[in-house]
Amino acid sequence: MNRIQRVKGTRDLLPEDMAKRRYVFEKIREVFEAYGFKEILTPTFEYTKLFELRSGEEVVEQLYAFEDKGGRNISLRPDLTSSVARLFVNSFQTAPKPIRWYYIANMFRYEEPQSGRLREFWQAGVELIGSPNIEADAEVIALLIESYLNTGLREFTVNIGDRVLLDEFAKMLGVKDDIGLMRLIDKKDKMSREDFIKSLKEFGLSEEDIGKVFALIELKGKPDDVLPKAYELFESEIAVEELKKIEELFELLKAYGVEDYALIDFGIARGFDYYTSIVFEAIAPNDLGIGSIGGGGRYDNLIEVFGGKPTPATGFAIGIERLIPILESKGLLPEFKVGSDVFVAYIGKEIEIKKKAIEVTQMLRRAKIRAEYDIQGRKLSKALDYANSIGAKVVIILGKRDLAEGKVTIRDMESGEQRTVPIENTVEEVKKML
């Protein structure tokens, strides 16, 4: 019979992989909860209409969409922001604001797999709902930065842009399809300069306008360097007010102590159409072909799209499948010991010896020591070989004489030394050896 292969774009995660993921999840969770965010989880699948409302019918091409046995159009979630908005509209519109929610969950998108991009992937994210103030934007950006720092990452930046400024820029150029221009700018880093210029010309921009586009996307760096040039480029009152807001944002980030990791990048458009103001992306230099490792922004109109009252909101998601390989490549993940530290072997077939082996194993487990006993009933030499193969540091040996004397033999697998101790002292003696 032919073996069934793993589905394209998915991964089998082995014990060592899960140990790394659990470590990263907990490092991120520590910061999320320190900022007062509370964990939620929504269903793995939603009505497809939920995602169509957010991004239009064309989004279905990237969804795992299907009709269930009841004839309902269902999709696996491609993100959690839409589900959070649905949850808020249904049950939390009158709750005290702001609402601070976080999640660590798997998502699904039908995209071509590549480095850092799978069809099933995990994200850790937050949604801060109910505040229109720039303080909310500063809070989530600082939280994003500190989340990365808590995993040990130091070489990264969070690049901050603004959709309002891009909209104003499109108006300056007289572009009617501002969303189309934003999407083109969003793809610029994946194109050569020549192809980008060609696409801008095909979009209908003149040489002068193309020059302005490059002036815009080259506005990147620290506020003192970038903002004076931005004030010269943008003329409308709306744009000036937005630039003042960005100035305030960076002043607030200084108070958080994270300003060294934040840059202005007015070429950021973000892929989703629902962002309304401040947007941001996290970038960590690497040789793995991985781009953004996370990002987000303000989405003040999304709640209304799903039938709720107008409600401001902002948030982000961290790409776990992108972050972990970068942490590994930089040597920032600890070495993890998976499996048992202690192996309990016994000599003989008598039921009393087996029972005592189980009792000793349970003593260790209840003391929070990772232990297993030889359920295979091997000969001692084979049992020691197995203990060595699983990396057990200590082997406890039980025989008829041990049982009669109320003792066990404890063997240090590294040195080969062994000694006999009373059964009641087993836990104490093992702890000294681990």
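The number of residues in the stretch 8-29 being open to solvent by 100 Å² or more (accessible area, probe 1.4 Å) and in contact (Cβ under 8 Å) with a residue 60 or more places away in the chain comes to 2. Of the residues G391, G416, G406, the single one that is small (G, A, S), more than 17 Å from I353 (Cβ to Cβ), loosely packed, with under 13 Cβ neighbours inside 10 Å and out of contact with any Phe, Trp or Tyr (no Cβ under 6 Å at 6 or more places or on another chain) is G416. When the stretch 68-106 is examined, which residues are found to be assigned to a strand (DSSP E or B), over 24 Å from K309 (Cβ atoms) and either open to solvent by 20 Å² or more (accessible area, probe 1.4 Å) or in contact with a helix residue (DSSP H, G or I) (Cβ under 6 Å, 6 or more places away or on another chain) (or both)? Across the stretch 68-106, the qualifying residues are N73, S75, L76, I104, N106. Considering the stretch 305-317, and only residues there that are farther than 13 Å from R86 by Cβ and out of contact with any Gly (no Cβ under 8 Å at 6 or more places or on another chain), the residue that is most open to solvent (accessible area, probe 1.4 Å) turns out to be K309. Summed over the stretch 286-322, the residues that are modelled with pLDDT of 95 or more, among the β-branched types (V, I, T) and either touching an Asp or Glu at 6+ places or on another chain (Cβ under 7 Å) or not in a helix (DSSP H, G or I) (or both) give a count of 4.
Say whether the condition of being modelled with pLDDT of 95 or more, in contact with a strand residue (DSSP E or B) (Cβ under 8 Å, 6 or more places away or on another chain) and small (G, A, S) is met by at least one residue in the stretch 10-26. Within the stretch 10-26 (the criterion being modelled with pLDDT of 95 or more, in contact with a strand residue (DSSP E or B) (Cβ under 8 Å, 6 or more places away or on another chain) and small (G, A, S)), the answer is no, since none of the residues qualifies. When the criteria are applied in full, I104 meets the requirement of being among the β-branched types (V, I, T), closer than 23 Å to G297 by Cα and touching a residue at least 40 places away in the same chain (Cβ under 8 Å).
Mind checking whether some residue in the stretch 56-67 is under 21 Å from the mean Cα position of the chain (by Cα), touching a residue at least 40 places away in the same chain (Cβ under 8 Å) and not in a helix (DSSP H, G or I)? Checked the stretch 56-67: at least one residue is under 21 Å from the mean Cα position of the chain (by Cα), touching a residue at least 40 places away in the same chain (Cβ under 8 Å) and not in a helix (DSSP H, G or I). Per the conditions (1) more than 18 Å from D137 (Cβ to Cβ); (2) without any contact (Cβ under 8 Å) to a residue 60 or more places away in the chain, the sole criterion not satisfied by E259 is (1). Applying the criterion of being part of a strand (DSSP E or B) and not hydroxyl-bearing (S, T, Y) to the residues of the stretch 345-378, the residue that is most open to solvent (accessible area, probe 1.4 Å) is E372. Quick check: anything in the stretch 10-18 assigned to a helix (DSSP H, G or I) and farther than 23 Å from R109 by Cβ? For the stretch 10-18, residues assigned to a helix (DSSP H, G or I) and farther than 23 Å from R109 by Cβ: present.
For the stretch 124-156, residues that are outside any loop (DSSP other than H, G, I, E, B), surrounded by fewer than 22 Cβ atoms within 10 Å (Cβ to Cβ) and under 16 Å from the mean Cα position of the chain (by Cα) total 3. Does A383 count as assigned to a loop (DSSP other than H, G, I, E, B), open to solvent by less than 50 Å² (accessible area, probe 1.4 Å) and at pLDDT 95 or above? Answer is no for this residue.
Scanning the stretch 41-51 for residues that are outside any helix (DSSP H, G or I) and open to solvent by 30 Å² or more (accessible area, probe 1.4 Å) turns up L41, P43, T44, F45, Y47. Listed by first and then second residue, the pairs with beta-carbon distance under 6 Å, at least 6 apart or on different chains, first residue in the stretch 171-192 and acidic (D, E), second open to solvent by 20 Å² or more (accessible area, probe 1.4 Å) and assigned to a loop (DSSP other than H, G, I, E, B), are D186/G271. Those helices (runs of 4 or more DSSP H) of the stretch 159-243 in which at least 3 residues are closer than 27 Å to V140 by Cα and open to solvent by 40 Å² or more (accessible area, probe 1.4 Å), considering only elements entirely within it, cover 178-186, 223-233. Would you pick out the residues in the stretch 419-434 that are open to solvent by less than 60 Å² (accessible area, probe 1.4 Å) and within 41 Å of the chain's Cα centre (by Cα)? Result: V427, E429, V430, M433.
Can you spot a residue in the stretch 324-342 that is within 30 Å of Y23 (Cβ to Cβ), open to solvent by 50 Å² or more (accessible area, probe 1.4 Å) and not in a loop (DSSP other than H, G, I, E, B)? Yes, the stretch 324-342 contains a residue that is within 30 Å of Y23 (Cβ to Cβ), open to solvent by 50 Å² or more (accessible area, probe 1.4 Å) and not in a loop (DSSP other than H, G, I, E, B).
The values are calculated or read from the model by the stated rules, or taken from the named source; none is laboratory data. Quantities reported herein were computed from a predicted structural model and do not represent experimental measurements. Reconstructed Cβ throughout: ideal geometry from the backbone, glycine too, with neighbour counts over all protein chains shown. The accessibility values were calculated without ligands, DNA or RNA, using every heavy atom of the protein model including side chains. Shrake-Rupley method; radii C 1.70, N 1.55, O 1.52, S 1.80 Å.
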